[in-house]
Structures are given as structure tokens and as C-alpha cells.
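Here the structure comes first, spelled out in C-alpha cells, and everything after it is commentary.
The values are calculated or read from the model by the stated rules, or taken from the named source; none is laboratory data. As the structure is a computational prediction, the values presented were derived from the model and not from experiment. Note that we place each Cβ from the backbone using ideal geometry, even for glycine, and neighbour counts take in every protein chain shown. The protein model used for the area step is the full one, side chains on, heavy atoms only, and it has no ligands, DNA or RNA in it. Shrake-Rupley method; radii C 1.70, N 1.55, O 1.52, S 1.80 Å.
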Amino acid sequence: MVREKRYSNGLRVVVRQMPGLYSVTMGILVGTGGAMETDAEDGISHFIEHMQFKGTKKRNSFEISDAFDRIGAQVNAFTSKDTTCYYTKSTTDHAATAFELLSDLFLNATYPEDELEREKGVVCEEISMNEDSPEDLCLDLLAVATYGKRNYGRNILGPASNVKGFTVEDIKRYKNARYCPENIVISFAGGIDFDTAIALVETHFNNLPKGNFEKRILTIEKTGESLVKQKPIEQMHFAISYPAISLFAETDVPFSLMNNILGGSMSSRLFQEVREKLGLAYSVYSYGSRYAECGSLNIYAGVNPAKAQSAYEAVDSVVAELVKNGVTDEEFLRAREQMKSSILFGMESSSTQMLTFGKEMLYRDRLYDVDARFEQLQSATKVQVEEAIEFAFSGKNGKKAVALVGNTDKPFDL
């Protein structure tokens, strides 16, 4: 059972009751992230996410962590290109306490100066750690190759120079513009009923200030570059981006099926050809990224430098074969079953359901419809999948982009 409630200030709440569960996941989602930042703000969404845990009017940073641990609850947060989410998972008997703690850190953070300076060092270490993760670095570079250095091309972490300069005033200014009721969804999933969840929200969010919401319109320009970042490492890491549908397309099922066939599973064409048959890569896969204004289909591989060009050409060959001959009946039916099981597995996880229903409400302002999803899946056809292939690889809907990280200064040809 799933229900929603909307408030006059714009705040939305969605509750997915899952009978039989003894736990509940509760999340507060904000429609902001790296893509919505200006150059001066670059990295501030992620930095704020860290700082929310560093003390409130009632608790210092240790007391926040200790209070969650005392009731056996999990708490965490993440920042993406377009979302910041704070969430906790607790047993149902401690749901009220866990939500009070989550609400406190979200609503009442005080940003002590000593914690601010200390956390700048922590985030700068995270930036350094990202530099030492070539796969992450490659995918970040791919975003730049696809979208340029702004909007969806931004690194979530931002530059260290920005992080070191952030002030309490910067945090408050950004939150006043983005952490506003009309840009927030509170999502519950698990062993909790609608009335209990709403009572918790109205207890702790009844005085949520209106703020001065800035709806930032993004102008997307796909640059379609081939970029390289030289690093003295043992492997070469490359990634390729192709156009895909946006978040607001009526359905993503054909694209999801196509992605699964191309590189979304161990039986996929990329895995079987590039890894199993040719032995050119240990890790090779594809995945989709969908945003409000645009989307991309991405391929990644980590390879031996001596085989990098061969692996790149092998990936191109797999794509060319897919474009030329389409998909087989067997591939289509297999991908459909894998997608079906993925949906069903997610329905058994309160964390997955919290995010699924929360994001659907945040991005598309509606309840996620599981039945409609299955209906779209059951009615999908090979023709639709082949239309998705045409959309991604024909070149009519945007440019291909490539990123390469390794001990070379020569980018791949587009």
C-alpha cells in the first residue's frame, strides 16, 4: 500500500507500507546536487551533506552518532548530480526516535566553526581518494567529455580550492535557495502505516521555513569530446557515452532492456565478447544515466594498456553489431526476465522502496506505479528495443563522448 500527502508550503510525503517487515527506512530527499551549482558553489551540495551531521542545537556530532547507535539504527546520506538524500533505517519500535534524530540533523544543524574547518580536511581527503580511484576518475572525466565542465559535467565533490573557502554564510545562502519545502520529499518504506508516518512528519516539520526557492534552469550542451587524463597506473580505464532518453520520457523500459542486452549482465554482449571471448578486460559493463533534461548510455572498461586500443575497437564492434542486426528473441526474453526480477527484488527492500517512491515524487511529482511498470515491461517489444538502439547510436540525437585514464597522453579517436 502506498499513499501520499501534500502540504500548502509544497512539502510532499510518500508512505510505502510493507506489511510483515520489522524495519522501516525513512529518507529526506532534496532536489539539489552538483548539477545545480554555480562555479563558486561547485562542491557545496556535498559539503553541506557532510556538515549536517556535525552538530545541532541539541546534540554535538558524537551525540548524533551515539543516539542512532543506541537504538541500533543505521544513518547515512548521499549527494548526486541532482539529489541530496538523508536517510535512516531502524526497527519499527524505534522509528519515532530515529525520525526525530534524522529531523534534528536535517533541520537544526548549527555548523560549528571548528567542525567546519575539520570537515574541510575530510572532504579534501575524499577528493584525493577519488583521484586515486581510476574508475571513478574515468567516469567523472566522461561526464566532462559529454556535458562540459558545468551542470551534469560537474564532479560532485567539487575542487579542493572551493571546499577550503566555504563559509557558514555560503551554506546558509545555498540552503535558503535550495532546501525549501517545495523542493523536499520525505519518503517512508517498511513496517510503518500512513497515519504514524504523517504524525511524525507533522511533529517535526510543522515549522519548516518557506525559504526563497530558486528553481535553477539548466542549459545543457553536449560537447561530445574525447578526453584523456594521464596517470602513472597499471591499467587503462576508458568509458564511452552515447545519447539516451531523459528522466521524463514516458517509459525507459526499451532502453533498460537494450542496456541489459548490451552490457548490463554477465550474459550481455560486452561481457561475453570483450571479457569472456577476447579476454581483453576484467571489468566491462554498461549503464544508463537519466536526468530531467537529458540522458546518456555509458560503457566502461578497465584493461591492460597494451590491449587498450584492441578493447576499444572490440567495444565499437559490439555496438556496430547491435546496430546492424538488432537483438535476438532469446536476448529480448532473457533481458525482460532479468528486469522483472530486478523490480521484484527491489520491492522486498525497504531502502530501495524508499528511494524509488521518493525519487518518483521528487522528480515526477507522482506516485511510483509498480503495476504500470510491469505492464510496460510485459507489453515491450523487440521493435521498441531496436528504436532505442537507433536513438542511442545513430548520431541523430547527440554526440558520442570518450574518456581515457592511464599512463598516456593520447586520447582515443571518436
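Do any GluC sites (Glu not before Pro) in region 244-341 lie in a DSSP loop with no more than 12 other beta carbon atoms within 10 Å, and if so, which?
250
Just name one of 141, 217, 157: the one whose Cα is farthest towards the positive end of the charge dipole of region 118-228 (beta-carbon charges, Lys/Arg +1, Asp/Glu -1).
Farthest towards the positive end: 217.
How long is the gain from residue 216 to residue 92 if the chain were fully straight, where each residue apart is worth 0.36 nm and the alpha carbon distance is subtracted?
40.9 nm
How do 369-379, 401-411, 139-149 rank on mean C-beta neighbours within 10 Å, highest first?
139-149, 401-411, 369-379
Per residue, how much accessible surface does the chain expose to a 1.4 Å probe? Answer in Å², no decimals.
Dividing the accessible area of the chain by its residue count gives 45 Å².
Mean 1/r over all different Cα pairs, inverted: what Kirkwood radius does the chain give, in Å?
22.8
So if I take the alpha carbon set of region 210-257, get Rg, then get Rh from the Kirkwood formula, what is the Rg over Rh ratio?
Working: Rg = 18.0 Å, Rh = 15.7 Å.
Rounded to two decimals, Rg/Rh equals 1.14.
Quick one: if the Förster radius is 60 Å, what FRET efficiency do residue 58 and residue 283 give, using the C-beta to C-beta distance and rounding to 0.05?
Rounded to the nearest 0.05, the efficiency is 0.85.
Convert 20 °C to kelvin, take the viscosity as 1.002 mPa s, use the Kirkwood radius over C-alpha pairs of region 133-217 as Rh, and evaluate the Stokes-Einstein diffusion coefficient in µm²/s, rounded to a whole number.
Using the Kirkwood radius from Cα pairs, D works out to 130 µm²/s.
Per the Cauchy relation, a quarter of the hull surface: what is the mean projected area of the convex hull of the alpha carbons in region 75-158, in nm²?
Mean projected area of the Cα convex hull: 7.4 nm².
What is the log10 of I(q)/I(0) for region 189-346, computed with the Debye formula using one identical point scatterer on each Cα and no solvent, at q = 0.10, 0.14, 0.19 Å⁻¹?
Here log10 of I(q) over I(0) equals -0.56, -0.86, -1.22.
When the helix-only estimate is applied to the chain (DSSP H runs of n ≥ 4, each -39,500 (n - 2.57), divided by the residue count), what is the mean residue ellipticity at 222 nm, nearest 500 deg cm²/dmol?
Result for the chain, helices only: -13500 deg cm²/dmol.
Two decimals is fine: what's Rg over Rh for region 19-162, C-alpha atoms, Kirkwood radius as Rh?
For region 19-162, the value is 1.02.
Looking at the P(r) of region 300-345, how many percent of alpha-carbon pairs lie beyond 12 Å?
Of all Cα-Cα pairs in region 300-345, 71 percent lie more than 12 Å apart.
Based on the Kirkwood radius over alpha-carbon pairs, what value in µm²/s does the Stokes-Einstein equation return for the translational diffusion coefficient of region 35-83 at 10 °C and 1.306 mPa s? The partial results should precede the final answer.
Values: Rh = 12.4 Å.
In µm²/s, the coefficient is 128.
Where does each of 124-136, 236-248 land if you order them by average Cβ count within 10 Å, highest first?
236-248, 124-136
Bin by bin, in steps of 10 Å, what percent of the Cα pairs in region 223-281 do you find, going until the bin that has the longest distance?
Percent of Cα pairs in each bin: 17, 33, 37, 12, 1.
Given the C-alpha centroids of region 1-47 and region 173-229, what is the distance between them in whole angstrom?
With region 1-47 and region 173-229 each reduced to a Cα centre, they are spaced 5 Å.
Can you give me the % of accessible surface on region 140-201 that is carbon or sulfur? Probe 1.4 Å, all protein chains present, nothing else counted.
Carbon and sulfur together cover 51 percent of it.
In region 5-85, carbon and sulfur make up what percent of the accessible area (probe 1.4 Å)?
Accessible surface attributable to carbon and sulfur in region 5-85 totals 50 percent.
Using the Cα centre of the chain as the reference point, and only Cβ charges (+1 on K/R, -1 on D/E), how large is the resulting charge dipole? Debye, rounded to the nearest 20.
560
Using alpha carbons only, what's the Rg to Rh ratio of region 1-57 with Rh from Kirkwood?
A ratio of 1.09.
Which value, in debye to the nearest 20, describes the size of the charge dipole of region 303-375 about its Cα centre when Lys and Arg Cβ atoms bear +1, Asp and Glu Cβ atoms bear -1, and nothing else is charged?
Working: 9 positive and 13 negative charges, 46 e Å.
Around 220 debye, computed over region 303-375.
Hey, can you rank 385-398, 74-87, 222-235 by average C-beta count inside 10 Å, highest first?
74-87, 385-398, 222-235
Grab the Cα-Cα distance for residue 407 and residue 117, subtract it from 0.36 nm times how many residues apart they are, and report the gain in nm with one decimal.
100.9 nm
For residue 173 and residue 328, calculate 0.36 nm times their separation in residues minus their Cα-Cα distance, and state this gained length in nm to one decimal.
50.4 nm
Across 10 Å bins from the origin, how do the percents of Cα pairs in region 111-269 run, short distances first?
8, 20, 30, 28, 13, 1
Using DSSP to call loops (not H, G, I, E or B), can you name the trypsin sites (Lys or Arg not before Pro) in region 19-68 whose Cβ has at most 10 other Cβ atoms within 10 angstrom?
Those that pass, being in a loop and sparsely packed, are 57.
Please report the orientation-averaged projected area of region 302-414, defined via the convex hull of its C-alpha atoms, in nm².
Numbers: hull surface 41.4 nm².
Over every viewing direction, the Cα hull of region 302-414 projects on average to 10.3 nm².
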